Each structure stands twice: as C-alpha cells, then as structure tokens.
Amino acid sequence: MAPPKLNEYERKRLENIRRNNEMMAALKVHSKATALSNHSKIVAKSYTVKLEKKPKIETPIVIRRSLRTRGIPPDSKGLDLDANSDSNTSTHNSPNKVEKFVQTLGPISMKDAYKGTDDSDRSFIESLVSMSNKGLLEEELEGPAKKKKTECSFELESLSLDPENIARVVPGRITQVRFFPSKDVNMIAAGNKFGDIGFWNVGESEIFLYHPHAAPISGILFQQHCLSKIYTSCYDGFIRLMDAEKEIFDMVYNSSDNACIYALSQPKNDANCLYLSEGKGGLAVLDNRIGKCSSHWDLHGARINTIDFNPQSSHIVATSSSDGTACTWDLRCIGGRKHTALRTFAHKRSVQSAYFSPSGSSLATTSMDDTVRIYSGVNLEDETSVYHFNQTGRWLSTFRAIWGWDNSYLFVGNMNRGVDIVSTVQKATVKTLESPHISAIPCRFDAHSFEVGMLAGATSGGQIYVWTSS
DNA sequence: AGGTCAATTACGTAG
DNA sequence: CTACGTCCATTGACCT
C-alpha cells in the first residue's frame with residue numbers, strides 16, 4: 001500500500017506547487033475562472049473570546065534587549081538571537097521581528113496574562129481551584145487507567161466527530177495539546193506558537209486564553225494530584241507554573257544560557273522533579289525543592305524533541321532527537337563522563353517522538369524519514385517499520401504518533417486532514433479518521449486518560465477536534 | 001566539523 | 001473567492 005500512497009502525496013504536493021506557479025504567472029494575464037473544488041468551504045468555528053486587552057499584555061512584557069539596561073544580570077538571558085537575527089536575510093523582514101523572545105522575569109498574574117475581557121475567567125479559575133481541592137485518589141488514578149490499558153476493547157468504528165466538539169482554542173499553530181487528567185471533566189489545555197495557553201471545556205463554547213510565554217510552548221504538564229497547578233515550558237527558556245489558587249504563572253526555571261526548552265516531562269512517582277530538554281541535546285533535571293537543576297546531561301547531538309517515562313519503571317526514560325536517533329536510558333546509570341543509552345534506535349532523519357505504550361512494553365517513534373516504528377520485545381529489539389508520510393513542511397507542527405488506550409493502536413495525523421490509525425498487530429495503517437468538519441491538518445494529539453475513545457487532534461490553525469467513542 | 005543559505009508550501013485573514 | 005504574509009523546522013548543498 002505504500003507506493004500508491006506516496007504517489008498520492010507527491011502528486012498532491014507537486015500539484016500544489018504547480019498551482020501556485022500558475023497563479024503567479026496568471027497575475028500578469030487576466031482571465032481565469034477555474035474553480036477547483038477543494039475543501040475550503042468548511043466553516044470553522046471562530047473565537048468566542050474577545051481579544052480586547054492588547055495594551056494590557058504589553059505593559060508587563062520587557063524587551064530582552066532592555067534587560068541589561070535595567071540592571072538585570074546578563075547571564076539571566078543573553079541576546080544572541082537579536083544579534084544574529086539579520087543572518088536570515090530572506091525576502092521579508094517584518095519590523096517587529098526584534099521583539100521575539102520577549103519575556104518577563106518573575107511571576108505573571110493570570111489577570112495580566114488573560115486575553116479575554118476583564119474577569120470573565122473568574123468562574124474558570126474557581127472551577128480549577130475546586131478541582132484541586134477535590135484531588136484524585138490513588139485508586140482513581142490507577143484503577144481505570146490500568147483497566148483500560150489491559151483490556152481496552154473499544155471499536156475503532158465507533159469513533160466519531162461531533163461538530164460540538166470542535167473549537168478554535170488558541171490563535172495560530174498549536175504545538176501542545178493535553179487533556180486534564182480528570183475523571184470528572186473533559187477539559188483541554190492547548191499551547192501555541194506565540195506562547196498562549198488556551199483552555200476549553202470540550203463541548204462548550206467558552207475559551208479561556210492566557211499569554212504566559214513569548215515563544216512556542218513546548219510542554220504542558222499537569223500535577224496529577226492537583227489540577228490547579230500546570231507547568232508550561234517554552235522555547236523562550238522559561239518554565240512556568242500556573243497556579244490557579246495564587247492566580248499566577250510563577251517562574252520556576254530560567255534556562256541559563258539562553259537555551260530553548262523543547263520538551264518537558266515528569267516521572268509518575270516524583271512530583272519534585274521535572275525533566276526538561278534544552279539546547280543542543282541537553283537533558284536537565286529540575287529539582288523544585290531547590291529551584292535549580294540537580295543534573296544536566298548532554299545526551300544527544302541535537303535537540304531532544306520528546307522525553308517519555310516508562311509507565312512501569314519510572315527510572316527508564318525514552319528520548320527522541322533531531323540527531324536522528326531515539327534512545328532509552330536508565331536514569332540510575334546516567335552520570336559521570338560518558339552517558340550510555342540502554343538502546344539507540346537509529347533513523348534516517350530526525351526523530352520527532354518516542355513514546356512508550358501504556359503497558360510500557362513497546363516504544364513508538366515518528367521520524368522525518370517517513371516511518372512510524374514500533375519496538376517491542378523484552379529489550380525492545382523487535383522493530384516494525386510502517387511507512388507514513390511525515391513531511392509536514394514549514395508551517396505545520398511535526399507529526400507525532402501517540403498511543404491510544406492500549407498497546408494495539410497508534411494515532412497520527414496525515415497531510416490529507418485525516419488521522420491515521422496504525423495497528424501494532426497488523427503492522428499497518430488500518431483506518432483513517434476523516435470528517436468534512438475538519439478544515440485543517442491535525443498535527444498534535446492527546447488521548448484522554450480516563451475516557452476511552454476520546455481523542456483530541458490539534459491543528460496549525462488553532463482548532464481542536466475531539467473524537468469520541470459512542 | 002561546523003556555519004550559511006535556500007527551498008519547502010498550510011492556514012487564517014484582509015481585501 | 002483570492003492574495004498575502006507567515007518565518008524559531010528540516011535538510012541538503014555549498015562554503016570555510
């Protein structure tokens with residue numbers, strides 16, 4: 001099935017390019033009425049939130065360049081990017097290009113970060129706080145999830161997309177999407193390219209949009225026992241902790257040498273430690289008790305795109321990197337001069353993700369070499385490679401195949417605005433979720449921990465589509 | 001080995 | 001409906 005699919009993608013791509021060229025050429029001529037029927041007729045839901053507080057947002061924001069003039073130590077944030085921003089001398093140079101990586105040190109109040117009308121997020125904040133008071137019992141955390149992981153028997157055919165479950169949650173390209181790990185709500189948090197975080201209670205029309213960061217969001221991490229606290233990591237080099245009780249986005253980490261943070265993760269059994277990837281292949285352990293990194297290792301030759309803990313053994317972690325490899329590590333053995341991976345999974349191009357299956361027995365990677373690979377067996381020595389076109393191009397977030405609710409299926413976006421479902425048993429794409437309601441390509445996904453069949457797909461236009469299982 | 005540069009081509013929105 | 005602007009990824013080709 002692979003060759004015909006490749007041809008189809010290639011044909012579409014080439015056709016796109018050709019059409020663009022034709023249009024360019026046609027600018028000089030005058031004529032043309034060839035209405036190609038494509039899928040641009042779909043009307044996507046638009047914002048329900050009013051974005052009126054622009055001036056408010058800009059006040060607390062500090063231009064990086066001015067940090068020095070304000071007496072802030074230069075090592076807190078360098079300005080290399082400003083210095084060499086001209087190196088990219090493309091045809092366009094927008095005037096506000098200089099404002100990139102603008103960020104405020106210290107906490108930001110949720111009020112200041114809120115992009116809706118004044119205080120209209122009051123009830124949302126209160127609901128977050130009440131969620132945290134309630135908390136989750138250990139058995140609630142383990143019970144259903146475990147049950148689902150072992151004997152999840154939902155039908156792929158039952159997945160459907162209700163138009164109610166579509167919303168534009170943030171402007172622009174979504175880089176991260178996460179369901180709240182809660183039995184009681186179907187709440188989604190989404191982070192975008194601009195550093196916004198949007199919240200959406202699936203099925204409802206209200207959106208709560210905040211701007212705690214100034215660059216692409218690279219991680220959203222919930223505290224399992226306290227849903228009112230959410231960590232966010234960002235290319236701006238900051239990790240913040242949204243605390244709905246204090247109503248702030250606190251700053252818990254500031255990358256020292258102006259390094260981008262590309263991924264954020266946490267082992268299940270240790271709430272004190274955050275694992276983050278920064279810079280060119282670095283993995284750091286942030287100890288919240290001391291507010292500093294207790295370890296910093298150079299594990300890869302290029303940026304680490306994902307960090308994923310094995311659900312069964314929390315000292316085993318998988319990393320995926322743009323250096324073309326995915327690796328598994330034993331955290332107990334890392335350290336010293338040389339870091340040796342348990343296993344290295346070589347790909348022909350950069351690896352965008354490496355995720356353990358719910359049981360922890362398999363690892364799935366997604367790579368720019370146009371494969372989704374599944375490693376299984378006692379030492380993950382059995383490799384299955386499934387062809388999957390992963391050339392998302394410049395404007396889309398890269399594809400990352402995620403696990404569903406058991407070890408049998410992977411979900412990954414495709415360039416035809418569908419969601420490919422890869423069966424690990426049949427070692428092939430067995431089904432593609434499609435809908436006329438989808439008006440853009442879903443790139444990033446999350447599966448609800450407690451609702452089998454509830455799958456969120458996020459696009460580069462800010463929409464989120466939530467499939468449900470009836 | 002490591003920097004630089006160009007090419008890629010989806011989506012929302014302004015007109 | 002069409003045209004414009006986006007621009008923090010990735011890669012290969014070319015240079016030092």
For segment A:308-399, just the Cα set please: Rg and Dmax, both in angstrom.
-> 13.4, 40
With a probe of 1.4 Å, find how much accessible area segment A:390-443 has per residue, and write the answer as a whole number in Å².
-> 37
For the A:Ser295, A:Glu126 Cβ pair and Förster radius 60 Å, calculated FRET efficiency rounded to 0.05 is 0.95
What distance in nm separates the simple spin-label points at A:Asp250 and A:Asp330, each placed 7 Å from Cα in the Cβ direction?
-> 3.6
Percent accessible area from carbon and sulfur atoms, segment A:374-470, protein chains only, probe 1.4 Å = 48
Counting only heavy atoms of protein chains, what accessible area per residue, in Å², does segment A:163-213 have with a probe of 1.4 Å?
-> 27
Using mean Cβ contacts within 10 Å as the protection proxy, how do A:179-187, A:422-430, A:213-221 order, highest first?
-> A:213-221, A:179-187, A:422-430
Quick note, segment A:236-312: a/c under 1.5 would make it rounded; otherwise a/b > b/c is prolate and the rest oblate (a ≥ b ≥ c, C-alpha gyration tensor); here it is oblate
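Given a Förster radius of 30 Å and the C-beta distance between A:Asn288 and A:Thr340 as r, what FRET efficiency does 1/(1 + (r/R0)^6) yield to the nearest 0.05?
The formula returns an efficiency of 0.60 here.
With every protein chain present, what is the per residue accessible area of segment A:272-346 (1.4 Å probe, Å²)?
Solvent-accessible surface per residue comes out at 44 Å².
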Greater than 23 Å apart at Cα, pairs in A:Lys115/A:Lys193; A:Lys280/A:Lys338; A:Lys193/A:Lys427; A:Lys268/A:Lys348 = A:Lys193/A:Lys427; A:Lys268/A:Lys348
By how many nm would the segment from A:Asn379 to A:Gln426 grow when fully extended, if each residue of separation counts as 0.36 nm and the alpha-carbon distance is taken off?
-> 14.8 nm
Beta carbons within 10 angstrom, averaged per residue: use that to sort the peptides A:160-166, A:195-201, A:252-258, highest first.
-> A:195-201, A:252-258, A:160-166
From the Cα gyration tensor of segment A:313-470, with a ≥ b ≥ c the square roots of its eigenvalues, which class applies: rounded if a/c is under 1.5, or else prolate if a/b is larger than b/c, or else oblate?
-> prolate
Going from most exposed to least, what order do A:Glu451, A:Glu278 have by accessible area with a 1.4 Å probe?
-> A:Glu451, A:Glu278
Share of carbon and sulfur in the accessible heavy-atom surface of segment A:262-335 [1.4 Å probe, %] = 43
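The values are calculated or read from the model by the stated rules, or taken from the named source; none is laboratory data. In this text, all values refer to a predicted model and were calculated from it rather than measured experimentally. With ideal geometry, Cβ positions are generated from the backbone for all residues, glycine too; neighbour counts draw on all protein chains shown. What goes into the accessible areas is simple: the full protein's heavy atoms, side chains included, and nothing from ligands, DNA or RNA. Shrake-Rupley method; radii C 1.70, N 1.55, O 1.52, S 1.80 Å.
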